[in-house]
Structures are given as C-alpha cells and as structure tokens.
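Working notes for the structure below.
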Amino acid sequence: MDERLFRDVMGQFATGITIISTNYHEEIVGMTVNAFMSVSLDPKLIAVSIDEKASMYKKLQETMQFGISILTDEQKDLSKIFARQKAKDREVPFIQQGDVPVIEGSLATMACHVKETAKAGDHLIFIAEVTEIKSNEGEPVIFYGGNYRQLY
C-alpha cells in the first residue's frame, strides 16, 4: 500500500487539535497532536500517540505526565507553532494545572499522569489518567484533509 495514499485517507478523518505539554528540565515543552482520544470513563483515561522521531517521544517517557490543551478556533496559530510550521512569534500563555503546563484560554485542559505505554509501529501510545480537567466556552479548531477548518 502506498504511504501517501494511507496518509491522505487518514486525513479524511476530521480531528480536533491538541497541544500536549510538560515540564522538562525546568522548561515547558510541547507539541501539536491530533492523535488523541478518550479511552475509559472508570478510570478516566485518555491516549495520545507520539512518533518515535518526535522530540516529545523520550521526554514524555521521562516525565510520565503531561497537560492537554484542546485548542479553540482562535488558537490555530499555536497549533502551527508547536507543529513547527510557523516560527514562535509571541509568548505562549501557559498556566499550571496540577503538576503540568496547559495553554490558558483553551477550549478544555487536562492534567494527565501516564499509566502505561504501548509500542505501535513507529509510535508509542501513552495511556494516561486524567487527574484534573477544565472546560471553557468557545469553538474548536478542526483539522481535515490537511487543512484547518472551523465548524461554522
């Protein structure tokens, strides 16, 4: 099967955009992730999938905790910054939630502690328990077909 075809077909599944972030050696680091999903209600578990080539791959294995910020349509530029598609042109408004950094003003934020990992091809799936959660008003930014979209 052609790799490009596989990527294109996977791009037909619309997703929200999240930033995962952690404190790593006294610095906040983060990356854009759309491979995010809810796993369980009891206990409250989520999963994120990280490519082994990503700088966060080893960092998350060390910290074993991270924040998730589900971005609003007004935070699309932050997605591009953390995906390294755009130069950082301003300070990112991180705040602490529990033990981890999250982006202020996001649609929703979660503090998570990794419970287990699973190797899946060239990715590692981090299954984490949500220890704190907050929700705000707003509209999500959506990624579909290689482009950012809005619901309206």
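The values are calculated or read from the model by the stated rules, or taken from the named source; none is laboratory data. The model shown is predicted, which means the values in this text are computed figures rather than measured ones. Quick reminder, even Gly has a Cβ in these numbers, built from the backbone with ideal geometry, and neighbours come from all protein chains shown.
Listed residues Asp77, Asp89, Asp73; which is farther than 16 Å from Ile17 by Cβ, at pLDDT below 95 and not hydrophobic (A, V, I, L, M, F, W, C)? I'd like the intermediate steps shown before the answer.
On the way: Asp77 fails: farther than 16 Å from Ile17 by Cβ; Asp73 fails: farther than 16 Å from Ile17 by Cβ.
Exactly one of Asp77, Asp89, Asp73 is farther than 16 Å from Ile17 by Cβ, at pLDDT below 95 and not hydrophobic (A, V, I, L, M, F, W, C), namely Asp89.
Name the residues in the stretch 123-146 that are under 25 Å from Ser55 (Cβ atoms) and either among the polar types (S, T, N, Q) or at pLDDT below 95 (or both), would you?
Thr131, Val141, Phe143, Gly146
Kindly list, by first and then second residue, each pair from a residue in the stretch 136-148 that is more than 17 Å from Asp8 (Cβ to Cβ) and surrounded by 12 or more Cβ atoms within 10 Å (Cβ to Cβ) to a residue that is modelled with pLDDT of 90 or more and aromatic (Phe, Trp, Tyr), limited to pairs with Cβ atoms under 9 Å and residues at least 6 apart or on different chains.
That search, which allows pairs on different chains as well, returns nothing.
How many of the residues making up the stretch 16-44 are in contact (Cβ under 8 Å) with a residue 12 or more places away in the chain, assigned to a strand (DSSP E or B) and in contact with a strand residue (DSSP E or B) (Cβ under 7 Å, 6 or more places away or on another chain)? Before the answer, list the steps.
Taking the stretch 16-44 and keeping what is in contact (Cβ under 8 Å) with a residue 12 or more places away in the chain, we get 16-24, 28-36, 39, 43-44.
With assigned to a strand (DSSP E or B) added as a condition, the list becomes 16, 18-24, 28-33, 36, 39.
With the extra rule that they be in contact with a strand residue (DSSP E or B) (Cβ under 7 Å, 6 or more places away or on another chain), the set shrinks to 16, 18-23, 28-33, 36, 39.
Final tally of qualifying residues: 15.
Do we have Glu91 as part of a helix (DSSP H, G or I) and farther than 19 Å from Phe36 by Cα here?
On the way: part of a helix (DSSP H, G or I): no; farther than 19 Å from Phe36 by Cα: yes.
No; evaluated as a whole, the condition is false for this residue.
Ala47 fails exactly one of the following numbered conditions: (1) surrounded by 17 or more Cβ atoms within 10 Å (Cβ to Cβ); (2) hydrophobic (A, V, I, L, M, F, W, C); (3) without any contact (Cβ under 8 Å) to a residue 12 or more places away in the chain. What is the number of that condition?
(3)
May I ask you to list the residues in the stretch 98-144 that are out of contact with any helix residue (DSSP H, G or I) (no Cβ under 6 Å at 6 or more places or on another chain) and in a loop (DSSP other than H, G, I, E, B)?
Those that are out of contact with any helix residue (DSSP H, G or I) (no Cβ under 6 Å at 6 or more places or on another chain) and in a loop (DSSP other than H, G, I, E, B): Gly98, Asp99, Glu104, Gly105, Ser106, Leu107, Gly121, Asp122, Asn136, Glu137, Gly138.
Among (1) surrounded by fewer than 16 Cβ atoms within 10 Å (Cβ to Cβ); (2) within 22 Å of Lys80 (Cα to Cα); (3) at pLDDT 95 or above, which single condition is His113 missing?
(2) is the only condition that His113 fails.
May I ask you to list the residues in the stretch 50-88 that are in a loop (DSSP other than H, G, I, E, B), over 15 Å from the mean Cα position of the chain (by Cα) and under 22 Å from Asn147 (Cα atoms)?
Gln85, Lys86, Ala87, Lys88
Kindly evaluate Lys86 against the criterion of being surrounded by fewer than 16 Cβ atoms within 10 Å (Cβ to Cβ) and touching a residue at least 40 places away in the same chain (Cβ under 8 Å).
Working: surrounded by fewer than 16 Cβ atoms within 10 Å (Cβ to Cβ): yes; touching a residue at least 40 places away in the same chain (Cβ under 8 Å): no.
Answer is no for this residue.
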